[in-house]
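Read the structure below first, then the notes.
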Amino acid sequence: VLFRSIDPAGRKGIKPSTIKLLDGHKAVVARDWPGAIAAYQAAVDLDAKDAECHYFLGAAYVGKNDFAAGDRELALALELVGARDDVHLRVLYALADLRERQGRLSDAKTLWADYEAFPAGHPRVKSYPASATERARTIDAHIEIARQYDGVKYRIEQRLKEVGAPPPDTMPGKK
């Protein structure tokens, strides 16, 4: 037996939801997203008010590329976080990363700024502010490249209209 005492309140022993979280962690290591989601969902069912359970469930959904469900769980984790600064910071990081994956770059930049600023008011929490700075710089570069490409894309469309040919990726025989 790995755990000698299980205490539902988590005061004198380990909480049952923590055991489910550990099962979920094992599944994540194996890249078993359905297994991880099932284990983390079981943890949420046991302790629905624990932000960490929702955080891990949201992260597993993101790992499975189910961004809508991941977004829902991470938002709920942010609502429930309370005074758990370490969890709050992890949720901010995960949400910023999710916003990038969703292509919501302005929202991602805002969340990265929140992640970078959070430790100033919470000195005991360990963070990596350089990550936020680098991600914001990368987002700015992406936005600038997309802006520059808009002119090129417009010229290509105009040229294709002039010659009367469909775009190259829609021509017959092209894969």
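For this structure, a couple of remarks:
- Conditions (1) free of Cβ contacts under 8 Å to residues at least 12 places away in the same chain; (2) touching a Lys or Arg at 6+ places or on another chain (Cβ under 9 Å); (3) over 30 Å from G35 (Cα atoms); (4) not β-branched (V, I, T): number failed by E157: (2)
- When G13 is tested against (1) open to solvent by 30 Å² or more (accessible area, probe 1.4 Å); (2) more than 20 Å from V87 (Cβ to Cβ); (3) at pLDDT below 95, only condition (1) is not met.
Table: residues versus (1) open to solvent by less than 50 Å² (accessible area, probe 1.4 Å); (2) assigned to a helix (DSSP H, G or I); (3) not charged (D, E, K, R).
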{"site": "A75", "(1), (2), (3)": "yes, yes, yes"}
{"site": "G82", "(1), (2), (3)": "no, no, yes"}
{"site": "D86", "(1), (2), (3)": "no, yes, no"}
{"site": "L89", "(1), (2), (3)": "yes, yes, yes"}
{"site": "R99", "(1), (2), (3)": "yes, yes, no"}
{"site": "D107", "(1), (2), (3)": "no, yes, no"}
{"site": "D114", "(1), (2), (3)": "no, yes, no"}
{"site": "S127", "(1), (2), (3)": "yes, no, yes"}
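- Filtered residues of segment 43-67 (kept if surrounded by 19 or more Cβ atoms within 10 Å (Cβ to Cβ) and farther than 19 Å from R84 by Cα): A60, Y61, V62
The values are calculated or read from the model by the stated rules, or taken from the named source; none is laboratory data. Source: prediction; values computed, not measured. Cβ coordinates were reconstructed from backbone atoms using ideal geometry, including for glycine residues, and neighbour counts include every protein chain displayed. Just so you know, the surface numbers come from the protein's heavy atoms only, side chains and all, with ligands and any DNA or RNA stripped out. Shrake-Rupley method; radii C 1.70, N 1.55, O 1.52, S 1.80 Å.
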